[in-house]
Amino acid sequence: MKMTIKKLFLIGFIFGCALKNEAQSFNQGDIIVNGNIGTPHLFRGIVKIAANSNAFKENFGDVLEISSIRGFNPTSVKTEYGINEVFGLGINYSFWSIKFDVKDYYNLQNQSVIVRDSVDIYKIKITSKSFGIRPVFHFPLENAKNDFYLGLGLGLTKNKLNIAFSSTDAGRFAKQFKRDLEYDLSLPGGFYFAPSIGYRRYFNPYFGLNFELGYEKGAIVQAGLVVKFNTKKANREKENKN
């Protein structure tokens, strides 16, 4: 049986009315906090390649031993406040860290006779921190559990290099040197830019899971937990009924 245009409009009207009775997942006055961990750690891969290059190894002595490169994957805390049912504005804090050890083995000589092997140990740590604002656009879906959105983090990045040096050769620390040395150096920073498309799945009006695809300090995929509460009584009552 053919369906007339009039019947199609009637079905669409009924369906639209049914949707309007559902609560949205994002409302004016919402305060949302995400805690995400991203993968892969692209900068860890870059540092690994650089540490094993000849240009890096040429700065040391005879036998070089580099430990495994470890550290925190890109991790972020993202807050957001609902300006209306479509737009939110928040603050981002994101960071990652990389650390590894370099052992430089060499020989001490006394009148052309090898006395013993000595080792210089460099403990290297690189950290990167970003601060910024984050405008967010939410797709206006009449669904209390699913939230699709576009976000853009904008701000500044600070990078830091820490080198802790020690040696089994006491002669390296004669007079003006100490047994252990540590240096903190500021590395060039830059502009923080983090575009992403995200999805939140709420189990109840307050807690859920968060997934994002985009770029966040070298990570392409991010996932974590989301906590939400609303500052407006009418919206809280609407969410609790659903």
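Taking only C-alpha pairs under 8 Å that are 6+ residues apart, what is the relative contact order of segment 25-227 in percent? Intermediate values should be presented prior to the final figure.
On the way: 524 pairs, mean separation 45.5, N = 203.
That works out to 22 percent.
Quick check on my link table: of K48/K145; K103/K160; K78/K103; K129/K228; K48/K228; K78/K232, which ones sit more than 30 Å apart, alpha carbon to alpha carbon? Before the final figure, lay out the partial values.
Values: K48/K145 41 Å; K103/K160 21 Å; K78/K103 39 Å; K129/K228 25 Å; K48/K228 39 Å; K78/K232 21 Å.
Checking Cα-Cα distances, K48/K145; K78/K103; K48/K228 exceed 30 Å.
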1/(1 + (r/R0)^6) with r = Cβ-Cβ of A55 and D101, R0 = 22 Å, i.e. FRET efficiency to nearest 0.05, evaluates to 0.70
Placing each pseudo-label 7 Å from Cα in the direction of the beta carbon, T231 and D184 end up separated by a distance in nanometres of 3.5
With the dipole of segment 25-227 defined by +1 on each Lys or Arg Cβ and -1 on each Asp or Glu Cβ, the option from G88, A219, N162 whose Cα lies farthest towards the positive pole is N162
Once F148 and Y93 are pulled to full extension, the length gained, defined as 0.36 nm per residue separation minus their Cα-Cα distance, is 17.7 nm
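Just how large is the dipole of segment 25-227 about the Cα centre, in debye to the nearest 20, putting +1 at every Lys and Arg Cβ and -1 at every Asp and Glu Cβ? Write out the running numbers ahead of the final one.
Numbers: 22 positive and 18 negative charges, 66 e Å.
So the dipole magnitude of segment 25-227 works out to roughly 320 debye.
Bear in mind these aren't lab numbers, they're just calculated from the coordinates by the rules spelled out. Because the structure is predicted, anything quoted here is derived from the model rather than measured. Methodologically, a virtual Cβ is constructed for each residue, glycine included, from the backbone with ideal geometry; neighbour enumeration extends over all protein chains shown.
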